[in-house]
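Asker: Can you read through this structure? Questions will come right after.
The values are calculated or read from the model by the stated rules, or taken from the named source; none is laboratory data. Quantities reported herein were computed from a predicted structural model and do not represent experimental measurements. Note that we place each Cβ from the backbone using ideal geometry, even for glycine, and neighbour counts take in every protein chain shown.
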Amino acid sequence: MVGILSPKPESSLLQNYTKSQNLKVDGSSSLLFEVLDGDKSCAVDLGNWSCSCRIWKINGILCNHACAAIESKGLSTYDFCDSCYKVENYRRAYAAVVNPIPTFDLNADLPHSNGDIIRPPDVRSHPGRRRTQRFSSQVKKRVTKCARCHKPEHNRRKCKEAI
């Protein structure tokens with residue numbers, strides 16, 4: 001990896017930076033800015049690394065409003081990205097040697113094992129028919145219909161219609 005940030009955060013920062021070129025920035029103090037994005041405005045605080053759109057706090061990568069504010073101040077956008085995305089920290093995390101784990105059976109060779117082998121739990125199906133769980137909204141009530149008059153809610157035996 002070449003550069004300051006790893007590839008994906010670098011590309012998203014570049015996208016946000018290009019979007020920020022069209023924004024208007026009004027500075028209220030040395031670290032507080034109001035960035036106008038069309039009809040809405042966002043407050044950017046460089047001291048707390050926050051923007052009112054909250055994308056910067058959530059992702060750790062600058063939003064387009066923060067990019068515009070940092071650019072108006074003349075600072076580097078890389079200094080305001082979260083350190084977990086920097087290549088320097090990535091290299092430091094993987095600098096140590098990772099030893100492989102052997103794949104042979106360890107149970108017999110370990111000094112603390114007493115020969116007990118842990119087996120998976122016994123899973124047997126219970127006797128009888130499996131119980132089905134139905135939702136009350138999915139169960140349809142059967143409507144009875146008379147065979148003689150074809151009207152609902154009664155059957156042939158209780159029918160009072162003339163034959």
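Asker: Which of the residues spanning region 16-43 are farther than 11 Å from Glu71 by Cβ and of a type in the set (A, V, I, L, M)?
Answerer: Passing the criteria: Leu31, Leu32, Leu36, Ala43.
Asker: Here is a list: Leu46, Leu23, Leu32. Which entry is surrounded by 14 or more Cβ atoms within 10 Å (Cβ to Cβ) and without any contact (Cβ under 8 Å) to a residue 24 or more places away in the chain? Outline the logic, then answer.
Answerer: On the way: Leu46 fails: without any contact (Cβ under 8 Å) to a residue 24 or more places away in the chain; Leu23 fails: without any contact (Cβ under 8 Å) to a residue 24 or more places away in the chain.
On inspection, the qualifying residue turns out to be Leu32.
Asker: Is at least one residue of region 1-13 buried (at least 16 other Cβ atoms within 10 Å of the Cβ) and farther than 17 Å from Lys86 by Cα?
Answerer: Checking region 1-13: not a single residue is buried (at least 16 other Cβ atoms within 10 Å of the Cβ) and farther than 17 Å from Lys86 by Cα.
Asker: Just one of (1) surrounded by 10 or more Cβ atoms within 10 Å (Cβ to Cβ); (2) in a loop (DSSP other than H, G, I, E, B); (3) at pLDDT 75 or above trips up Ser113, so point out which.
Answerer: It fails just one condition, (3).
Asker: If you don't mind, there's one more thing I want to ask. I'm trying to understand the selection: among the residues of region 126-154, which are among the polar types (S, T, N, Q) and modelled with pLDDT under 80? So that I can check it myself, show each step before the final result.
Answerer: First pass over region 126-154, keeping only residues among the polar types (S, T, N, Q): 132-133, 136-138, 144.
Answer for region 126-154, where residues must be among the polar types (S, T, N, Q) and modelled with pLDDT under 80: Thr132, Gln133, Ser136, Ser137, Gln138.
Asker: Has region 27-42 got at least one residue that is under 26 Å from Asn89 (Cβ atoms), at pLDDT 90 or above and of a type in the set (Asp, Glu)?
Answerer: No, because not a single residue in region 27-42 is under 26 Å from Asn89 (Cβ atoms), at pLDDT 90 or above and of a type in the set (Asp, Glu).
Asker: Would you pick out the residues in region 56-78 that are surrounded by fewer than 18 Cβ atoms within 10 Å (Cβ to Cβ), under 26 Å from the mean Cα position of the chain (by Cα) and at negative phi? Walk me through it before giving the result.
Answerer: Kept after step one, since they are surrounded by fewer than 18 Cβ atoms within 10 Å (Cβ to Cβ), are these residues of region 56-78: 57-60, 71-76, 78.
If we keep only those that are under 26 Å from the mean Cα position of the chain (by Cα) as well, we get 57-60, 78.
The answer is Lys57, Ile58, Asn59, Tyr78.
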